[in-house]
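So the structure is just underneath, and the comments pick up after that.
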Amino acid sequence: MEYRFSKIAVLPNLSKDKELVYTRELVSYLEKKYEVLLLDEFSHIAQNGSVKAVSEDVFYSQADLIIVLGGDGSILRAVDKAAKASVPIIGINLGHLGYIAEIETSDIPRINEILSGELWIEERTMIEAEVVRGGKTVMSGILGLNDAAIVRATGLGVVETELYCNGEAVYKYRGDGIIAATATGSSAYSMSAGGPVMDTQLDCISITPICAHSLRCRPIVFSGRSVFEIISRATPDHAKLSVDGAETCDLEDNDIVRIKKSEYVTRLIRVGKSGFCSILYRKMSDI
């Protein structure tokens, strides 16, 4: 399907593109055909009328498409605001794996051709987490595309958690933690912990223990309609909640982490007809 874009927002990654070489190259091609939006901090790149430096609110609300330069981590840091603005994302891989990123730096000279060609939007399930302490919600609306994990904060101690699904007790875990992953996130931290790799179009959430101190503990795949409550048995310096790899909240004893499918979705632009299997093979076979 062909999509028509007018304003394209470009999100650089200063840690992977320190001199903004790839960013400048990308903008030089895009400005020939589109209005390009950059965040205010990159105003020095905006040197003519078709390239504008704007506030973060305008960046996300007015864009027809966001191009993220970097690896999967760069995309994950953008999905919260992009999802709330219903703007699609396409990634240019500057990292090693780039499982979510769709194109490579060698494709930059062809970017206008790519964006004018056969594209399709894949809507990816997101999860939403909140933390309840003493009956009061202390954090809420934490969005993630990949996963929410309760992990060991410091030292070598064991993290103890109790998992409930839709109000029913499932399992008590002892180990390094527990991961709730979407189908997209099943190929990330969850996979490294021994969880299943799932087709990204599946409406499901997997629960994977991390280094469980048990011979019987296994990953479980649940319906995407499930609501999870994970009770943390920990002191403040012992466990934390991490969503999409970002440290979100230190957890106290008896804190409840509630995780469910979000009403928001991440809209990823895909090129051509590459499906789950071909992408999995191309990205993962040589790791």
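Annotation: Leu143 fulfils all but one of (1) out of contact with any Phe, Trp or Tyr (no Cβ under 8 Å at 6 or more places or on another chain); (2) assigned by TED's automatic domain parsing to the domain that holds Ala212; the unmet one is (1). Exactly one residue out of Met126, Met139 is aliphatic (A, V, I, L, M) and buried (at least 20 other Cβ atoms within 10 Å of the Cβ): that is Met126. What's the total number of residues in segment 181-197 that are surrounded by 22 or more Cβ atoms within 10 Å (Cβ to Cβ) and either under 16 Å from the mean Cα position of the chain (by Cα) or not small (Gly, Ala, Ser) (or both)? The qualifying residues number 9. Taking the criterion of being buried (at least 20 other Cβ atoms within 10 Å of the Cβ), over 18 Å from Arg258 (Cα atoms) and touching a residue at least 24 places away in the same chain (Cβ under 8 Å), the residues of segment 198-242 that qualify are Thr200, Ile210, Ala212, His238. Of all residues in segment 1-47, those that are assigned to a loop (DSSP other than H, G, I, E, B) and either surrounded by 13 or more Cβ atoms within 10 Å (Cβ to Cβ) or among the acidic types (Asp, Glu) (or both) total 14.
Quick grid of which residues meet (1) touching a Ser or Thr at 6+ places or on another chain (Cβ under 8 Å); (2) in contact (Cβ under 8 Å) with a residue 24 or more places away in the chain; (3) buried (at least 24 other Cβ atoms within 10 Å of the Cβ); (4) not in a strand (DSSP E or B):
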residue: Asp57; (1), (2), (3), (4): no, no, no, yes
residue: Tyr60; (1), (2), (3), (4): no, yes, no, yes
residue: Ala63; (1), (2), (3), (4): no, yes, yes, yes
residue: Ile66; (1), (2), (3), (4): no, yes, yes, no
residue: Leu69; (1), (2), (3), (4): yes, yes, yes, no
residue: Ile75; (1), (2), (3), (4): no, yes, yes, yes
residue: Ala83; (1), (2), (3), (4): yes, yes, no, yes
residue: Ser86; (1), (2), (3), (4): no, yes, no, yes
residue: Ile92; (1), (2), (3), (4): yes, yes, yes, no
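The values are calculated or read from the model by the stated rules, or taken from the named source; none is laboratory data. What you see is a predicted model, and the numbers here were worked out from it, not measured in a lab. FYI the Cβ positions are ideal-geometry reconstructions off the backbone, even for glycines, and counts take in every protein chain you see.
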